[in-house]
Amino acid sequence: MINAAIVGLGWWGRTLVESTAGSDLIRFVAGTARTLSPDVNTFANAHQLRLAENYEALLTRTTVKMENFDLIGKWLDREGKTAIDATAQRVDGTKLDGPVSLRRASRGGPRQRLGFRQS
């Protein structure tokens, strides 16, 4: 499961958050917006997003990670008592185990779609 953050909770940001609801692969757990209005707070509460006051504050959140790295680049092999599994598999069967294999798999160009399925 990828715990992600969203910067901007306007129309597109909300669309992204709503489109991942119920996903077993990614979920938005934190976010920020230029203006933290009552409307933004209501949306964040409805989608269980922890709001940060600005981008810099968002980067200090420990719930958002990229694979085995925390936000400052420290290598992690466990999240609490659970081992981190950063592997995935594309729909075409290509196995991915981190940024290097993802880069290799996506060399078809920027228009290539990377399809994933839960392994």
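Values in this text are rule-based calculations from the coordinates and carry no lab data. Since the structure is predicted, the reported quantities are computational estimates derived from the model, not experimental observations. So basically every Cβ, Gly included, is an ideal-geometry build from the backbone, and we count neighbours across all protein chains shown.
For the range 25-47, give me the residue count where each residue is of a type outside the set (Ser, Thr, Tyr) and closer than 26 Å to LYS74 by Cβ.
7
This table checks each residue for (1) under 30 Å from ASP85 (Cβ atoms); (2) surrounded by fewer than 18 Cβ atoms within 10 Å (Cβ to Cβ); (3) β-branched (Val, Ile, Thr).
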position: ALA5; (1), (2), (3): yes, no, no
position: GLY13; (1), (2), (3): yes, no, no
position: GLY22; (1), (2), (3): yes, yes, no
position: LEU25; (1), (2), (3): yes, yes, no
position: PHE28; (1), (2), (3): yes, no, no
position: THR35; (1), (2), (3): no, yes, yes
position: ALA44; (1), (2), (3): yes, no, no
